1. Kindly work out what percent of the DSSP beta bridges joining two residues of the chain are antiparallel, to the nearest 5.
2. Mind checking the full-extension length gain between residue 40 and residue 226? Use 0.36 nm per residue of separation minus the Cα-Cα distance, one decimal, nm.
3. Arranged by the count of other C-beta atoms within 10 angstrom, fewest first, what order do 35, 174 take?
4. In bins 5 Å wide, starting from 0, what share of all Cα pairs of the chain does each bin hold, as a percent?
5. Packing-wise, with mean Cβ within 10 Å as the measure, how do 80-86, 101-107 rank, highest first?
6. Quick check on the exposure proxy: order 149, 183, 41 from fewest to most C-beta atoms within 10 angstrom.
7. Between residue 144 and residue 99, what is 0.36 nm times their sequence separation minus the Cα-Cα distance? Round to one decimal in nm.
8. Binning at 10 Å from 0, report for the stretch 89-182 what percent of all alpha-carbon pair distances ends up in each bin.
Ligand SMILES: C[S@@+](CC[C@H](N)C(=O)[O-])C[C@H]1O[C@@H](n2cnc3c(N)ncnc32)[C@H](O)[C@@H]1O
C-alpha cells in the first residue's frame, strides 16, 4: 500500500501518523494484497472486486472496524466495503478479517469523499453506514464535518433505488445538523415514523466511539434514510 496524498483543502480528518503496532504493520504489508483496494480515480468494477454480485454495504470512517467485520461475519451473503483514512484502523480490520477468514470484505485507505466521487459507481451500494463521524464541535470547524449537502448528494447518487443511508452520532448538535441536511436532500426519504430519528439498529456492534460516548454520558442519535 502506498501513502496517499489528499489534495482537498478542507478535510474531515487530520492526518496523523498514529502508532501502528507490529501486528498492524505486518497486516498492512501482508494482508493488503488480499483485502486492500488502492485508491484510483476510475470507477471500480465491484462485481469483479468481490468476485460475485451480492448486496453491498459500505462503511465510511470505520475506525477500528469492529462493526464492519462483525457485520461481514454475520452476513456472508453480503459484500462489505470499508473506507477509512487511518492506516492503524485498516491494519486492525484486516487482522480481524483474517482471523475470521472473511471473504466478503475489502478496504480502501483514502479520503471517502474522493473514493465516493471517483471510485464508487453510481447506484452501486445497497447500504451506506456513517457511524460516529468526527463531530467537529467548534463552530469554526463545522466546515470539516463530513455531513454537508454535497457529501450527502454523493452518497445518495451511489445508493441503489431503495438503498439505505444509516448514520449515528453521540453529539446532539451534529445529529440535528445531519437531520436538517439529509431531510433537505430530494433523493432521500426519512424512514423515521416522526421524521426525526430511528431506534438504534440491533445489529450494530458498539464501536469504539459509541462506547466512548456512553462513558461520557452522551446520548446516541440514529438516522436512516432511503434513496427514492
Ligand atoms: C470519530 S471516528 C469514529 C470511528 C468509528 N466509526 C467508530 O464509531 O468507532 C471517525 C473516523 O472517521 C475517519 N474519517 C474521517 N474523515 C474521513 C474521510 N474523509 N474518509 C475516510 N475516513 C474518514 C477517521 O479517520 C476516524 O477513524
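All of the numbers you see were taken from the coordinates with simple rules; none came from a lab. Remember, it's a predicted structure, so these values are computed and weren't measured experimentally. Neighbour counts are summed over all protein chains in view; Cβ atoms, including those assigned to glycine, are modelled from backbone coordinates with ideal geometry.
1. Bridges in the chain are about 30 percent antiparallel.
2. On the way: separation 186, 0.36 × 186 = 66.96 nm, distance 2.81 nm.
Stretched fully, the residue 40-residue 226 segment lengthens by 64.1 nm.
3. Details: 35 19, 174 22.
Exposure proxy ranking, most exposed first: 35, 174.
4. For the chain, the pair-distance distribution reads 1, 7, 15, 19, 21, 18, 12, 5, 1, 0.
5. Numbers: 80-86: 25.4, 101-107: 19.4.
Order by mean packing, descending: 80-86, 101-107.
6. On the way: 149 12, 183 16, 41 9.
Sorted ascending by nearby Cβ count, the order is 41, 149, 183.
7. 12.7 nm
8. Reading upward from the zero bin: 14, 40, 35, 11, 0.
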